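The values are calculated or read from the model by the stated rules, or taken from the named source; none is laboratory data. These numbers were taken from a predicted model, which means no experiment stands behind them. Don't worry about glycine lacking a Cβ; one is built from the backbone with ideal geometry, like all the others, and counts go over all protein chains shown. Just the protein is used for accessible areas: all its heavy atoms, side chains included, with ligands, DNA and RNA removed. Shrake-Rupley method; radii C 1.70, N 1.55, O 1.52, S 1.80 Å.
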Amino acid sequence: MLTNPNIPVITTHVFLAQYAINQIATLELRSQDIVKAMGYPLKHTMPACERLRHVLSNKYLGLDGSYMDKYFTADEFLATLFSVLDIPHTPFAEDIAQIKDAAVHAQHDNKNSCYGSVSNGYQQMSEQDYEMVDRVEEYKLKKSKEC
């Protein structure tokens, strides 16, 4: 494992959220534009924007069921958001599955312990992060060659 104590480890959910935020900036989109493109009705713009903010700042990208509405499940919201932002879902499907799994485990641990659980999850996540960063770089390289 390649780790440097002077460089903070970027966790998968933070990386994906930052990637989405960077894409929003690149496309020069406002949150209202995004939720409209996702198909939310005009009268639900404010709650939809709040959900978008929540998903991009949530530890599990909202995949823990921490924010729900009648329009999208957590998976559908993220997939639709990625589609609107022109982010391919497939290269990140494994990473998203790992985030969902971590959310399920965290909920299970919190139910079984009043203190929660601390483990070597940080080391495991850092290895996954390097793999995901490699996949993102490969995808960017592929896209740049296509242009």
Candidate set: the range 101-119, residues that are under 29 Å from residue 44 (Cβ atoms) and open to solvent by 70 Å² or more (accessible area, probe 1.4 Å); chosen: the one modelled with the highest pLDDT: 104
Hits in the range 81-99 (condition: open to solvent by less than 30 Å² (accessible area, probe 1.4 Å) and either acidic (Asp, Glu) or touching a Gly at 6+ places or on another chain (Cβ under 6 Å) (or both)): 95
Checklist (1) within 13 Å of the chain's Cα centre (by Cα); (2) open to solvent by less than 30 Å² (accessible area, probe 1.4 Å) applied to residue 56, failing item: (2)
